[in-house]
Amino acid sequence: MVAITRIEKLGGTPVAKAPEPDMGHAIIPKDRYISPEFMRLEWERMWTRVWLVGCREEEIPETGDYVTTSIGTESLLIVRGEDGKARTFYNVCNHRGNQVKFDQCGNSRTLQCAYHFWEYDLTGRLVAVPDEQDFTQGCPKDQLSLKAVKTDTWGGFVWFNLNPDSEPLGDYLGIIPEHLDPYEFGKMAMVMNLTVDWDCNWKASVDAFNEYYHTACIHPELSYLHDDVDVQIDLYDRHSRYLIPFQRPAPRVGELQEVPDIMAADMLALGMEPAAFRGRVDAVRRAFQVHKRETAEELGYDYNRLGDDQLSDDYHYFVFPNITMNIFADRLMMFRQRPHETDPNRMYFDLSIMRRLTKAETRPRAPDHEHIRHGDRSLGLVLDQDSVNLPHIQKGMHSSAYQGLWISHIERRIRHMHETLMKYIAI
């Protein structure tokens, strides 16, 4: 096994190893994945008390821009106000319960219910009621305005929290801003915005991306691109990460004399010549980092806030409860894993990809949101490989022969997520 030598660099993401908590070895009960009662407890005690990503700020760049999103049974309306602020409201008219907006996105200078044309301004205040004199009890604006949801922004994302008494977003995120601000997510541009219906519990999806034990089994190609043995795992208060060296094959593939095709593709995209590394494949990772650094200015990229390892590696972060981030110098692939409204055996998998813009680029328009069923089309080789097991995992958990998750040490991010979840459930 090749030991990883890590040096903390000023200006980059902190790389010091976090202390290891003692979490024991108990089986994680399967009921957390299949029980309607546990799903109810999650909703009442966790989902309604945590900070959640609602949308990208670039999806609502102009005054009156809005998007709708959902968590559990709640529909939320996120709006850009005349003062430039993003606000979140429960997407329900206080007259007869109609949703104020049915569509996924749009622009409007007021928010008008399509049923009886009750109208709200961009701060959510009720401003017009047709035939208001017929309401003999009156229409008190403060009582009947849209109910606001606590909202804040970080990293180019709009976040919301259904608990009005929650801690500030910065406190909730903890180490995340310090660690990830160097990537400047807010300056990235969204290039994919997709939701997929998956037939599994939301935690089964989170689990799939919180461990790399499966990599050699269902992603054999990736063993020639990254080292899935010498991986640093860090467990924080709520959140976690692992740091995966890329452009360095896993030890299991042996000593290579030629750069493998999957690695060569990344090199060629940078203008590097793979043949120059015949017999010294172990030198590719460092050369990759140096080349990116040396050509950054010419290509119009700014890596000044990133450490050398960040120019090659995947800094893989999990933000509790449902955000998975695969982070590279030039792109962010983010998964938002949301529960189904009523069925613990189903979920919504939100896939978004953001890319770093060059200094000369103007931010493009955010892509339209798409919603598909699993299997309608490919999500790419690796995600297809990941997702094919999930419905079978969900079915298997219903077996009387299966008791729960038997977690290994290298899968400890899964246990850590459950430890955090149960701190909410046990309240």
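The values are calculated or read from the model by the stated rules, or taken from the named source; none is laboratory data. Keep in mind that this is a model prediction, so the values were computed, not measured. Cβ coordinates were reconstructed from backbone atoms using ideal geometry, including for glycine residues, and neighbour counts include every protein chain displayed.
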How many residues of segment 373-393 are within 19 Å of V191 (Cβ to Cβ) and in a loop (DSSP other than H, G, I, E, B)? The answer is 4
Residue satisfying condition, being in contact with an Asp or Glu (Cβ under 8 Å, 6 or more places away or on another chain) and of a type in the set (G, A, S), within set A366, A360: A366
Members of segment 66-86 that are farther than 26 Å from N201 by Cβ and surrounded by fewer than 21 Cβ atoms within 10 Å (Cβ to Cβ): G81, E82, D83, G84, K85
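Suppose we filter T110, T123 for residues that are touching an Asp or Glu at 6+ places or on another chain (Cβ under 8 Å), modelled with pLDDT of 95 or more and hydroxyl-bearing (S, T, Y); which single one remains? Before the answer, list the steps.
On the way: T123 fails: touching an Asp or Glu at 6+ places or on another chain (Cβ under 8 Å).
Every option except T110 fails the conditions.
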Against the conditions (1) at pLDDT 95 or above; (2) more than 30 Å from P168 (Cβ to Cβ); (3) over 22 Å from the mean Cα position of the chain (by Cα), where does Y33 fall short? Just the number, please. (3)
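If the requirement is being in contact with a strand residue (DSSP E or B) (Cβ under 7 Å, 6 or more places away or on another chain) and either modelled with pLDDT of 95 or more or over 21 Å from V50 (Cβ atoms) (or both), which of these qualifies: L270, L243, L235?
Details: L270 fails: in contact with a strand residue (DSSP E or B) (Cβ under 7 Å, 6 or more places away or on another chain); L235 fails: in contact with a strand residue (DSSP E or B) (Cβ under 7 Å, 6 or more places away or on another chain).
Sole residue among the options that is in contact with a strand residue (DSSP E or B) (Cβ under 7 Å, 6 or more places away or on another chain) and either modelled with pLDDT of 95 or more or over 21 Å from V50 (Cβ atoms) (or both): L243.
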Can you name every residue in segment 331-354 that is in contact with a strand residue (DSSP E or B) (Cβ under 6 Å, 6 or more places away or on another chain) and part of a loop (DSSP other than H, G, I, E, B)? H340
So D171 clears everything in (1) in contact with a strand residue (DSSP E or B) (Cβ under 9 Å, 6 or more places away or on another chain); (2) without any contact (Cβ under 8 Å) to a residue 12 or more places away in the chain except one condition, right? Which one? (1)
Of the conditions (1) in the same structural domain as H239 (by TED's automatic domain parsing); (2) of a type outside the set (K, R); (3) at pLDDT 95 or above; (4) assigned to a loop (DSSP other than H, G, I, E, B), the single one that W43 does not satisfy is (4)
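Go through segment 297-323 and give me each residue that's farther than 20 Å from D227 by Cα and buried (at least 20 other Cβ atoms within 10 Å of the Cβ). Even if it seems obvious, please write down each step before you answer.
Of the residues in segment 297-323, the ones farther than 20 Å from D227 by Cα are 297-306, 319-323.
Those that are farther than 20 Å from D227 by Cα and buried (at least 20 other Cβ atoms within 10 Å of the Cβ): Y303, L306, V319, F320, P321, N322, I323.
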Exactly one condition in (1) exposed (fewer than 13 other Cβ atoms within 10 Å of the Cβ); (2) under 28 Å from P177 (Cα atoms) is false for E37; which is it? (2)
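Restricting to segment 20-34, give me the number of residues that are among the β-branched types (V, I, T), surrounded by 16 or more Cβ atoms within 10 Å (Cβ to Cβ) and more than 26 Å from Q232 (Cβ to Cβ). Please lay out each step first, then the result.
Within segment 20-34, the subset among the β-branched types (V, I, T) is 27-28, 34.
Within this subset, residues satisfying the condition of being surrounded by 16 or more Cβ atoms within 10 Å (Cβ to Cβ) are 28, 34.
Restricting the remaining residues to those that are more than 26 Å from Q232 (Cβ to Cβ) gives 34.
So the answer is 1.
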Among L126, L122, L111, which is the only one that is over 28 Å from E370 (Cα atoms), touching a residue at least 24 places away in the same chain (Cβ under 8 Å) and surrounded by 14 or more Cβ atoms within 10 Å (Cβ to Cβ)? L126
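Yes/no matrix, rows are residues, columns are (1) modelled with pLDDT of 95 or more; (2) farther than 30 Å from K17 by Cα; (3) not small (G, A, S):
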{"position": "F320", "(1), (2), (3)": "yes, no, yes"}
{"position": "N326", "(1), (2), (3)": "yes, no, yes"}
{"position": "F335", "(1), (2), (3)": "yes, no, yes"}
{"position": "R346", "(1), (2), (3)": "yes, yes, yes"}
{"position": "S352", "(1), (2), (3)": "yes, no, no"}
